[in-house]
Amino acid sequence: MFVSVRRSALAAVSVLSLGAAIAGPAMAQDAATIRAAISVRDAALTDTVAMDYVTQLTTRFGPRPAGSASETAAAEWAAGYMREQGFQNVHIQAFPLVGWERGQESASIVGANPQRLVVAALGHSPGTPVGGIEAEVVRFASLEDLQSVPDGSLAGKIAYVDAGQMVAMQSGAGYGPLTRIRGAGPAVAAQKGALAFIMRSAGSDEHRMPHTGTTRYVNGVVPLPGFALSAPDADQLSRLVSYGEPVRIHLSSTAHTYETTSHNVIGDMPGRSRPEEVIVLGSHMDSWDLGTGAIDDGAGGAITIAAAKAIAEQGRTARTVRVILYGSEEVAQPTDTGNGGGAYLRSLSAEDIANHVFTGESDFGADRVYALQLPVGAQTGAFADAANRVLYPIGVLRSNVPETEGGADIGPIVEAGVPVFGLKQDGLRYFDLHHTADDTLDKIDPEQLRQNVAAWAALVWLVADSDVDFRAMRPAE
Ligand SMILES: [Zn+2]
């Protein structure tokens, strides 16, 4: 489906570009456009909207699991908030979702010296049978090690993958290998005959806080209960197993799924002369249930709403700036629906997609932006130079690496051909907090949050008040 949409989108945009060239509107690198972007940037450095939004969101509604009553209420509230900030055409796009509730959970080492373990059930895991599961633990140092044992060989056992602590990196690159374990682990363990699956949390902290996160459906099911251990609990269990005696643990969970509805909140700062041309700024409204979703991803909504507001205060741009708070990003679904991002894509015609000129997603916390990744083909040239002039003074460096994917929310429209940028945030401490009970408002540094708003507002201004065409910059395939 995505491939055919993308072809028609590209065909339509070449006609649009021709029209734009005849009309002769401003280029992003015009001196006046750059001066205005710098002015937007400097005004945004004193922004108060972002901190106000994320404070109210996380305080009024707390955790916002996708499809929950709190996500629904938060969407209604956020729509009103956006209207108050001057957004127009604000509406809520509802879509069906399989939700998940944690319920109660516990884990302990059993035997002569019983010990409680601090765990969190993995999102979309089924619960255990009433009374729980008690069995011997078999430890693996990697997902590959688990995959390599014969099918059925873990009958009556609990599979445990401890691939070691995540390495903290500015780019967050340590996360990917561990999410593979979380996503695929339960299904692989089931194939080997295990009763349940446990893993070391995908996190970089040393605290006794498990990191939840979704596991994946395979053929429409999550076959086994899955749990993440906090880092010190994983250390403890792995040491005990290394002593060579059989280690038995007891696991209990009442987690369950249910049919529900989630909600994208969509609002525009309409364009002055070419309102049909749209720039989409994305983030997600839903959060995990353990914290209050301040860094993941209340901050993203805060940054994008405040950036659009800062742009509108400078003046009405030629193109429309659209902010979308996607209702569901965190949870896997039994079928590949693309969650909130998929629901938004399905609401667009091929012509709409062709008119989506630029998109970016803020979903990596609230620490400072350090790099700009532009769409394929735009790494050098007049636009990149203009962006560099505007962003370098606030510590954002132009990257040689193109942005190609965005994140889970805008992924579906990017797949459909919409040019994507990335404003890369410092991720050194992100995975200390991510998906834990410690994802709370106090972790947001207001000054770094304002730097994010300034970077987003200035970059988006350069595109919104010009006729820059990133599709035209793409190398021929
Ligand atoms: Zn997120």
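Data table
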read-out: Cβ charges +1 (Lys, Arg) and -1 (Asp, Glu), total dipole of region 279-368, debye; value: 540 debye
read-out: Helix 69-84 axis, angle to the chain major axis (alpha carbon atoms, nearest 10°); value: 20 degrees
read-out: Sparse-neighbourhood loop sites, chymotrypsin sites (Phe, Trp or Tyr not before Pro) in region 159-263 - DSSP loop, at most 13 other Cβ within 10 angstrom; value: TYR243
read-out: Sequence-distant aspartates and glutamates (8 or more away, or on other chains) whose Cα lies within less than 16 Å of LYS443; value: ASP52, ASP205, ASP296, ASP297, ASP363, ASP367, ASP426, ASP432
read-out: Cleavage-rule hits, GluC sites (Glu not before Pro), region 136-244, DSSP coil, Cβ neighbours within 10 Å at most 12; value: GLU206
read-out: Distance-filtered residues of region 163-200 - backbone nitrogen under 19 Å, label point 7 angstrom along VAL221 Cα→Cβ; value: 183-198
read-out: Solvent exposure ordering (accessible area, 1.4 Å, most first) of LYS157, LYS192; value: LYS157, LYS192
read-out: On Cα atoms only, tilt of 382-391 relative to the major axis of the chain in degrees; value: 70 degrees
read-out: Shape call, region 103-254: gyration tensor on alpha carbons, a/c limit 1.5; value: rounded
read-out: Dipole axis of the chain (+1 Lys, Arg; -1 Asp, Glu on Cβ), positive-most option in VAL390, TYR175, GLN333; value: VAL390
read-out: Which of THR48, THR55, THR320 is most accessible, then next, and so on - probe 1.4 Å; value: THR48, THR55, THR320
read-out: Karplus (6.51, -1.76, 1.60) ³J(HN,Hα), θ = phi - 60°, over region 269-277, in Hz, Gly and Pro reported as x; value: 9, x, x, 7, 10, 9, x, 6, 8
read-out: Gain upon complete extension [SER242, ARG116; 0.36 nm per residue less C-alpha separation]; value: 43.5 nm
read-out: Cleavage-rule hits (trypsin sites (Lys or Arg not before Pro)) in region 27-88: DSSP loop, at most 12 neighbouring Cβ within 10 angstrom; value: none
read-out: Listed residues HIS124, ASN355, GLY213: farthest to the positive end of the dipole of the chain (Cβ charges); value: ASN355
read-out: Lys, Arg +1 and Asp, Glu -1 on Cβ, resulting dipole of the chain about Cα centre, debye, nearest 20; value: 420 debye
read-out: Long-range amide H partners of THR214 with built H, under 5 Å; value: GLY123
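The values are calculated or read from the model by the stated rules, or taken from the named source; none is laboratory data. Keep in mind it's a predicted model, so treat the numbers as computed, not measured. Methodologically, a virtual Cβ is constructed for each residue, glycine included, from the backbone with ideal geometry; neighbour enumeration extends over all protein chains shown. What goes into the accessible areas is simple: the full protein's heavy atoms, side chains included, and nothing from ligands, DNA or RNA. Shrake-Rupley method; radii C 1.70, N 1.55, O 1.52, S 1.80 Å.
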